[in-house]
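S.K.: Below you will find the structure I want to go over with you.
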Amino acid sequence: MQVLQAGDHKLLLLELDPDLVTNVVKQTGFEFRIDDTERSLSLDLTAPDRQAPLLLFDAADPGNLGWFSRCQFYVDGRSGNVLQTPIAVANLKDRSGRILPHAIRIRIAKELPASFRLPGKQPVTEQMIYAVLFNLLSALLNTGVGVCGGSSIKPLAGRTEHFGARN
């Protein structure tokens, strides 16, 4: 990790190792495609052998209350940012534009403000990012990740269709 200072601004530059990220993804059982750029690391993940969709659900739907109470990660439905992490998610679509229920795109930012902290006010390190990534991928397979508000990120599990007016 490096610290870059430009005037009054300080940035943390994470030096993520694509091989270590690959190892983390393989441990969770996803198939993947990785794209490493200067500012971020992107992963297109697929769980092709999975019968059920990935556990990305609408946190506002009362029918999903059981998942909401035990999930560890929440996604801002407008931006796709996983709250309190440098990770963002996005839906993947097939050629006809339908959302793939067994696939997701993850982007890890490599440039962060120096004041950025993980939950519990932990400082950011590459090792912490690998641990958070492993926990997020495990949550998508086992415990669930809640989507809060917005309409950019579509839930993949739970009650995903809404009928009539919502209160």
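We did not get these values from a lab; they are worked out from the coordinates using the rules stated. Note that this is a predicted model, so its numbers are computed, not measured. Every residue, glycine among them, receives a Cβ derived from its backbone with ideal geometry; neighbour counts consider all protein chains shown.
S.K.: Less than 16 Å apart at the alpha-carbon level, and either on another chain or at least 8 residues along: which aspartates and glutamates does that give for LYS26?
M.R.: Answer for LYS26, where 16 Å is the Cα cut-off: ASP17, ASP35, ASP44, ASP49, listed by chain and number.
S.K.: Quick one: dipole size for the chain, taken about the Cα centre, charges +1 on Lys/Arg Cβ and -1 on Asp/Glu Cβ, in debye to the nearest 20.
M.R.: Dipole size: approximately 500 debye.
S.K.: Counting DSSP beta bridges in segment 2-148, what percent are antiparallel, to the nearest 5?
M.R.: 80
S.K.: Also: Compute the long axis of helix 18-28 from its Cα atoms, compare it with the longest principal axis of the Cα atoms of the chain, and write down the angle in degrees, 0 to 90, nearest 10.
M.R.: Helix 18-28 and the main axis of the chain meet at about 30 degrees.
S.K.: Follow-up question, since we're still on this one. To the nearest 20 debye, what charge dipole does segment 1-89 have about its Cα centre, counting +1 at the Cβ of each Lys and Arg and -1 at the Cβ of each Asp and Glu?
M.R.: Details: 7 positive and 13 negative charges, 56 e Å.
Roughly 260 debye, rounded to the nearest 20.
S.K.: Just tell me which lysines come within less than 16 Å, Cα to Cα, of LYS110; anything on the same chain fewer than 8 places away is out.
M.R.: LYS10
S.K.: Per DSSP H run of n ≥ 4, the term is -39500 (n - 2.57); total these for the chain, divide by its residue number, and report the mean residue ellipticity at 222 nm rounded to 500 deg cm²/dmol.
M.R.: My calculation for the chain gives -6000 deg cm²/dmol from helical runs alone.
S.K.: So how do 146-153, 113-120 stack up, highest first, on mean other-Cβ count within 10 Å? Mind dumping the intermediate values first?
M.R.: On the way: 146-153: 17.5, 113-120: 11.4.
Going from most to least packed, we get 146-153, 113-120.
S.K.: Classify the chain as rounded, prolate or oblate, taking a ≥ b ≥ c as the square roots of the eigenvalues of its Cα gyration tensor: rounded when a/c is under 1.5, otherwise prolate if a/b is larger than b/c and oblate if not.
M.R.: Numbers: a/c = 1.93, a/b = 1.51, b/c = 1.28.
Prolate, because a/c is 1.5 or more and a/b exceeds b/c.
S.K.: Right, here's the next one. Please list 25-33, 73-81 highest first by mean number of surrounding beta-carbon atoms within 10 Å per residue. If you can, show how the numbers build up before the last one.
M.R.: Working: 25-33: 15.1, 73-81: 18.6.
Ranked by mean Cβ neighbours within 10 Å, highest first: 73-81, 25-33.
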